[in-house]
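Since every read-out is calculated from the coordinates, none of them should be taken as a lab result. Remember, it's a predicted structure, so these values are computed and weren't measured experimentally. Note: ideal-geometry Cβ built from the backbone for every residue, glycine included; neighbour counts use all protein chains shown.
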Amino acid sequence: MIDKTGIAIKALFEKEFPENEETLNRPKAIIECYKEIPCNPCETSCPFDAITIGEDINKRPDIDFDKCTGCGICAYSCPGLAISIRQFKEDNAELKFPYEFSPRPRTGQTVNVVDRSGEVITTGEVINVIDKSKQNKTALVHITVDKAYMYDAAAIEVVKNES
Amino acid sequence: MKQREVVIIGAGPGGLCAAQKLLEGGAKVCLIDRNASLGGQLIKQTHKFFGSEKQYASKRGIDIMEILISSLTQYGDQLEIMTETSVVGMYSDKVIACVKKDKFFKIQAQSIILATGASEKSIPFENNDLPGVYAAGAVQTLMNEYGVKPGDNVLMVGSGNIGLIVSYQLMQAGINVKALVEAAPSISGYLVHASKIRRLGVDILTNTSVKRAIGSEQVKQVEIWDLDPTWQGIEGSERILDVDTICISVGLAPLTELLQQLGAEVRYIKELGGNVPVIDKRYETTVKGVYACGDVVGIEEASSAMVEGKITGLNALEDLGYDIRASRLEMKALHEELKFLRDGPHAAKVRAGYLKRGMLT
Ligand SMILES: Cc1cc2nc3c(=O)[nH]c(=O)nc-3n(C[C@H](O)[C@H](O)[C@H](O)COP(=O)(O)OP(=O)(O)OC[C@H]3O[C@@H](n4cnc5c(N)ncnc54)[C@H](O)[C@@H]3O)c2cc1C
Ligand code: SF4
Ligand code: SF4
């Protein structure tokens, strides 16, 4: 299916999350890179060696959640924007999505949150926007949503702020 | 007539990397490109690249271009750059005919490296000559080089990486991408690129194509329809989208005409994009001292074009009589790198092409 639509179904993306939900009480990188492509910046960018692709860069990335600190470096290094950082925080899910549109959302702003097909499923509040120069124009937008959307949230809708 | 040691035609990633190796080795290089600036396709690539660190993965194409160009600046007079210069003819005695701003001149070269890249293919449909129908590369040039919006509502045709990436770049420029149609039953580019535009709301429609563009002076609408398994349009499945731009991205064809003029053998290999030069493992064509690398020998990626460029540069250097023994290990590593780049499922077509070429190691 994903080959035809570009949309990962639940059975597919659920496998990329930690088996034990409690793991997500700390921030973790969720990698949605379903097909073998010649690419490995996720592996080489991770300062904690949490991601393994190996010598053959066509292999899919494999993450060790025990090693992942949720630092977010892989999320802005991935050219496929296929990595998000996710964590449960009380009744909410805190998510960091890569974002390459301008203007950037503002801290405190309410944004629409979409699923993998682009449907708006809920709103979230922007906690902050991480946009350092070493990120080379791929910002990480840190939002909080109801924890029910931990799995289905895929991105924030492009914001149209007056700049 | 001007006499030059090595002439490189085309200053994309392939030509720039060939130049780098030749200059390092001590040869004098004349680098020709018809564009006003060096870089080839890279100048338009504002997205972060795939690949491994060796090929600058995770850097943006345009930044890779800067790195490649700046590595050449140290060579002073050893390097002659001719921009806005089109090569219009080549003769078997390695004479190159050029035009720069209506001025015609010839260069006699000892070696020639052809790194001319590829041109975009089109598809037939009613009114495909209406203003508002663009090739994807032209749209990229308008947006990323000149900062001009091609339109407000776009239909993208073709789901290869170029179609997917240009769709994303259009959205970054604030342009609405109404849908992306693909005649094949599945998306042909990387899924991560497809998912990226899908979750921003772009419908990706496989088994679908354009029936006709509608409009008198300019595209006003487009009619799309479903295709059956034999790629014929299905009557009754037509629907109309309001778009002012149709962006075509259905593949590239290597620019081999110059090689043919020179008498180098070409061969049709579908998997590599059409007519491609016959080359050996050293990237030499059937004419001695004439080499080819990058998209012109087979449609691939900037990453492979760079590696091929280096291999080609080293071989040309050797044939000119320079000692390249110190580069033996590097050469071996470059061939390994190419092998890895062509290893995955996405490179199946390229592998099939190279198998036909008898060059799969
Ligand atoms: C939208 C898009 C996205 C891409 N994304 C990636 C990616 O993520 N990763 C990746 O590795 N690759 C990517 N590529 C592919 C990559 O850009 C090309 O494979 C690469 O540029 C080919 O390099 P080249 O040197 O062979 O040719 P080109 O870059 O095409 O350069 C050829 C040069 O030759 C010049 N030329 C041609 N004919 C003549 C003539 N007669 N006289 C004078 N000059 C001439 C042209 O002006 C041009 O500058 C992408 C391409 C596109 C279009
Ligand atoms: S979030 Fe940080 S620690 Fe975790 S995989 Fe990515 S780069 Fe490594
Ligand atoms: S960097 Fe991103 S696209 Fe590349 S292999 Fe890693 S997850 Fe996949």
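Residues in the stretch A:12-27 carry Karplus couplings, in order, of 7, 6, 4, 5, 8, 8, x, 5, 8, 4, 5, 3, 7, 6, 10, x Hz; the curve used is 6.51 cos²θ - 1.76 cosθ + 1.60 with θ = phi - 60°, and Gly or Pro positions show x. Within the protein assembly as shown, DSSP assigns beta bridges of which about 65% are antiparallel (rounded to the nearest 5).
Highest-first packing order for the peptide set B:130-136, B:74-80 is B:130-136, B:74-80, based on the mean count of other beta carbon atoms within 10 Å. Using a cut-off of 9 Å between beta-carbons, work out the net charge of the residues near residue A:68 (Lys and Arg +1, Asp and Glu -1, residue A:68 not included). Combined, the nearby Lys, Arg, Asp and Glu give +1. Once backbone amide H atoms are built at 1.01 Å from N, residue B:2 has B:106, B:108 as its partners under 5 Å, excluding neighbours fewer than 5 places away on the same chain.
Taking each residue of B:180-190 in turn, how many C-beta atoms of other protein chains fall within 10 Å of its C-beta, and what is the average? Display every interim value, and only then the final one.
Values: counts 1, 0, 1, 0, 2, 2, 5, 6, 1, 2, 10.
Other-chain Cβ atoms within 10 Å of each residue's Cβ, averaged: 3.
Mean separation of Cα pairs under 8 Å and 6 or more residues apart, divided by the residue count, gives chain A a relative contact order of 19 percent. Between the alpha-carbon centres of the stretch B:326-354 and the stretch B:13-31 there is a gap of 21 Å.
Other chains' Cβ within 10 Å of B:343-356 residues: what's the mean? Before the final figure, lay out each step's value.
Numbers: counts 6, 9, 5, 6, 4, 0, 0, 0, 0, 0, 0, 0, 0, 0.
Mean inter-chain Cβ contacts per residue within 10 Å come to 2.
Remark: the stretch B:246-257, residue by residue, has Karplus-estimated 3J(HN,Hα) of 10, 10, 9, 9, 10, x, 10, 10, x, 8, 9, 3 Hz, where x stands for each Gly or Pro and the curve is 6.51 cos²θ - 1.76 cosθ + 1.60 at θ = phi - 60°.
Taking every alpha-carbon pair under 8 Å whose residues sit at least 6 apart, chain B reaches a relative contact order of 19 percent.
Report, as an integer, the average count of C-beta atoms from other chains found within 10 Å of each Cβ along B:43-53. Walk me through the numbers on the way to the answer.
Details: counts 0, 0, 0, 2, 5, 11, 3, 9, 7, 9, 6.
Mean inter-chain Cβ contacts per residue within 10 Å come to 5.
Judged by the gyration tensor of its Cα atoms, with axes a ≥ b ≥ c, chain A is rounded; a/c sits under the 1.5 cut.
For chain B, the equivalent ellipsoid derived from the Cα gyration tensor has semi-axes of 37, 21, 20 Å, listed largest first.
Looking at the square roots a ≥ b ≥ c of the eigenvalues of the Cα gyration tensor of the stretch B:122-248, which shape do they give, rounded for a/c under 1.5, prolate if a/b is larger than b/c, or oblate? The shape class here is oblate.
As a check on your grasp of the helix formula, calculate [θ] at 222 nm for the protein assembly as shown: sum -39500 (n - 2.57) over DSSP H runs of n ≥ 4, divide by the residue count, round to the nearest 500. Result for the protein assembly as shown: -6000 deg cm²/dmol, rounded to the nearest 500. Packing, taken as the mean count of other beta carbons within 10 Å per residue, orders the peptides B:282-293, B:300-311 from highest to lowest as B:300-311, B:282-293. Once backbone amide H atoms are built at 1.01 Å from N, residue B:252 has B:121 as its partners under 5 Å, excluding neighbours fewer than 5 places away on the same chain.
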